[in-house]
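To start, the structure under review is shown below, and the notes come after it.
The values are calculated or read from the model by the stated rules, or taken from the named source; none is laboratory data. The structure presented is a predicted model; accordingly, all values stated were derived computationally and were not measured. Using ideal geometry, Cβ is built from the backbone for each residue, glycine included, and neighbour counts are taken over all protein chains shown. Surface accessibility is based on the protein's heavy atoms, side chains included, excluding ligands, DNA and RNA. Shrake-Rupley method; radii C 1.70, N 1.55, O 1.52, S 1.80 Å.
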Amino acid sequence: MSDWFSVTTPIYYPNAEPHIGHTYTTVVADTLTRYHRLAGEKTFFLTGTDQHGEKITEVAAAAGESPSAFAARISALFEQTWRDLGLGFDRFIRTTDPDHVRAVQHVLGVVHEAGDVEFREYEGLYCVGCERFLTERDMVDGLCRDHERAPEPRSESNYFFTMSKYFDWLADHIRDHADFIRPERYRNEVLAMLREGSGLEDLCISRPKSRLDWGIELPFDRDYVCYVWFDALINYLTGLGYPDDPDWEKRWGGVEHLIGKDILKPHGVFWPCMLRAAGIAPYRHLSVHGYWNVDERKVSKSLGNMISPGAMREKYGFEAFRYFLLRDMSYGLDAGFTEELLVTRVNADLANNLGNLASRTLNMTARYCDGRVPEPGETGDLEREVADATARAADEVDAAVRALEAHRALESIFRAVDAANRYLDARAPWKAAKDPEREAEVRTTLYTVCQSLRGIALLLAPFLPEAAATLLERLGIPDALATARLPEDAKRWDALAAGTATTKGAALFPRIESPAAE
Ligand SMILES: [Zn+2]
């Protein structure tokens, strides 16, 4: 197996500004990258934008711009947004990048050579929104099911990728690899698409330049450009260095595609068939998430409920928003966002629970132990319980992250936070400190919660990188992440040496007092 973990987001379509859906996928990719890197794996994080296609020419025309100027402008906005939010991609790809154009033409050449491309006359109903000819199943009352607009009758000669010859192979591959497409519901959806009579056929992969010249030219017929999906999917190869970078195959061996459920068909069917035709091994995982509903409605431009990540940062801080996204969506299912839910979640978990543990521990360490991690006295069952809770969280986080269950990972971490808070309440060092004979007990208590906080901060680092860094700094170990290995290092008790200087600092997550909706 590859020792690489290479995560991809879809290349976003720059016909709108970054919203909650894009932000979610990118945040999950960033979190997974950070975790796998701390687990000692080599990582690569790829994101970017899809520049081509008929839809872009439409919205660009409406904005009075050329397709290239329009796509470049919105792409730059995406790239800058992820940079500003500290989402650490290794490459931001644009499908107009010269190496991508080369990679697409290379794949087209290989697939053509292999005899998997045919020139055919085609007559049918075409939806501009979908950028393809529709079948009966795609329509309701004569309108495109997805776009609720009437398709146009069109007749065209085009190149077809004879994808259907790979359907049996693909169905077998999916049956043989339980986690190839996950969660299971999407695996079953793809198997249903591949069943005979589902209406899925060969894929038209060209557009005549006479009606669309915004795209990548076919290497075997210069009168045509490549269909946008065929072009877009290949970004996952280009971005990892295909075909020239010597490391591309190693990176590809550990590839994890993250997508939303709206683009299951191209990723679950087109893409593995394309890879097969090009003689490339299938991807390792396709992991499909649900939709965010905002104020109980689907996110849409016309409803104005897109939720800008920049606005969330201004109002609540990005880590609060990031925490909500990771904690409140179960990967694969739809989830709901409202500002009230965010405020409730952040106050309960981050301000009251984690924030309270950190401030109590650090304040009492300052007051009773001169701001240094104390030398512990005798330990007993209560101390062992806290250590066990932290170790258990470390193992659970590792399993949950590998199963794409960030919300469960966070639940586990917060069970460890609960355990430490309960322990602190049980020992009540603020009372014990009044009795000089219980001085050793106070030291043991604060030593124990300091160790626990260290483990918690390490585990939180992939999810809340800024807060975790702040916490480690206050515990006097600002460089802990540089050498840490997860999950083992989070379980190491006594790793925070007695005598280490700690600092109190301001509230890690101030309680949000203002009403959410103003
Ligand atoms: Zn449509």
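Over the Cα atoms of the chain, each weighted equally, I'd like the Debye log10 I(q)/I(0) at q = 0.07 Å⁻¹, rounded to two decimals.
Each listed q corresponds, in turn, to -0.46.
So for the stretch 339-491, Kirkwood radius off the Cα pairs, Stokes-Einstein at 37 °C and 0.692 mPa s: how many µm² s⁻¹?
208 µm²/s
Between residue 466 and residue 497, what is the label-point separation in nm under the 7 Å Cα-to-beta-carbon projection?
Distance between label points: 3.2 nm.
Quick one: net charge of residue 377's neighbours, Cβ under 11 Å, K/R +1, D/E -1?
With Lys, Arg at +1 and Asp, Glu at -1, the neighbours total -3.
What distance in nm separates the two pseudo spin-label positions at residue 83 and residue 340, each 7 Å out from Cα along the beta-carbon direction?
Between residue 83 and residue 340, the simple spin-label model gives 3.9 nm.
Can you spot the lysines whose alpha carbon is less than 30 Å from residue 42's alpha carbon? Ignore those fewer than 8 places along the same chain.
250, 261, 265, 491
Roughly how many Å² is the accessible area per residue of the chain, as a whole number, for a 1.4 Å probe?
42 Å²
Give the shape of the stretch 299-354 as rounded, prolate or oblate, defined through the alpha-carbon gyration tensor: a ≥ b ≥ c are the square roots of its eigenvalues, a/c under 1.5 means rounded, and otherwise the shape is prolate if a/b is larger than b/c and oblate if not.
Verdict is oblate for the stretch 299-354.
Work through the residues other than residue 97 whose Cβ is under 13 Å from its Cβ and net out their charges, Lys, Arg +1 and Asp, Glu -1.
Cβ neighbours under 13 Å give a net charge of -1.
Within the stretch 393-468, which trypsin sites (Lys or Arg not before Pro) sit in a loop by DSSP and count at most 11 neighbouring Cβ atoms inside 10 Å?
Filter output for the stretch 393-468: 434.
Restricting to DSSP loop positions (anything but H, G, I, E, B) with no more than 16 other Cβ atoms inside 10 Å of their own Cβ, which trypsin sites (Lys or Arg not before Pro) remain in the stretch 123-224?
For trypsin sites (Lys or Arg not before Pro) across the stretch 123-224 that sit outside H, G, I, E and B with at most 16 neighbouring Cβ atoms in 10 Å, the list reads 145, 149, 195, 209, 211.
So which trypsin sites (Lys or Arg not before Pro) in the stretch 298-398 are both in a DSSP loop and have at most 11 other Cβ atoms within 10 Å of their Cβ?
Sparse-neighbourhood loop trypsin sites (Lys or Arg not before Pro): 301.
On the accessible surface of the chain, probed at 1.4 Å, how many percent belong to carbon and sulfur atoms?
47 percent
Between residue 399 and residue 128, what FRET efficiency comes out of the Förster formula 1/(1 + (r/R0)^6) with R0 = 51 Å and r the beta carbon distance, rounded to 0.05?
0.70
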